[in-house]
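Data first, discussion second: the structure below is written as structure tokens.
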């Protein structure tokens, strides 16, 4: 099997004459943490929406494990193992952490609409739910109501519910957005840990996070790929400095997308 798990060819999205994503050729290598960065309005989230079929491309192709998924629906892509988290926390606030993960596991089993079944029928999912909570360092909070969690812990719970869907490729959209330094460090370490045996494509503003965990970085500007490489290569690219900071002097340390 090819080392490329996800690829796009000339991926383009136009909105009434405005080109939000412009002929993007992206290759995500299996087992890598691949970061998609760029200034505000660069087209990062639109690109994510195309990859997960929340938007249809104007033209171009998307392949996953060598299979053309360009015209597949978002649910079909999810069943293939491409699972996405969003910029905002997407968990049920008035359920416990265990119940949140159990719901995600139930969805994976295809029994989420079996309303006639007793809650006790879900108890068989408890062991796996606890394992997933342990994987994101939340096992000790399994019976806590989610609304009581600090923001960083909610994002960790969201990663646990994403893992419950058994992703082969995880797409993380701004996983550290709105966090303080302590939560950023915790979630960064968590992403690194859960990446073992998985592939992650992430949009992220925090350059410290990117420099710490990304194997490869693609920089978008005005919807097109401006530069690619590892952090050392990208951070010293004059075109990237110009795009981020309006200058070709210095480096991107601490810069935000």
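The values are calculated or read from the model by the stated rules, or taken from the named source; none is laboratory data. All of these numbers come straight from a predicted model, not from anything done at the bench. With ideal geometry, Cβ positions are generated from the backbone for all residues, glycine too; neighbour counts draw on all protein chains shown.
List of remarks:
- Taken as a whole, the condition of being in the same structural domain as residue 11 (by TED's automatic domain parsing), within 15 Å of residue 38 (Cα to Cα) and at pLDDT below 90 applies to residue 206.
- Only one of 158, 174 that is buried (at least 16 other Cβ atoms within 10 Å of the Cβ), outside the structural domain of residue 211 (by TED's automatic domain parsing), within 30 Å of residue 4 (Cβ to Cβ) and touching a strand residue (DSSP E or B) at 6+ places or on another chain (Cβ under 7 Å): 158
- When the range 9-36 is filtered for residues that are farther than 16 Å from residue 170 by Cα and either touching a helix residue (DSSP H, G or I) at 6+ places or on another chain (Cβ under 8 Å) or surrounded by 22 or more Cβ atoms within 10 Å (Cβ to Cβ) (or both), the ones remaining, listed by number, are 11, 13, 20, 21, 24.
- Residue 104 vs. criteria within 19 Å of the chain's Cα centre (by Cα), in the same structural domain as residue 15 (by TED's automatic domain parsing) and either at pLDDT below 90 or surrounded by 14 or more Cβ atoms within 10 Å (Cβ to Cβ) (or both): no
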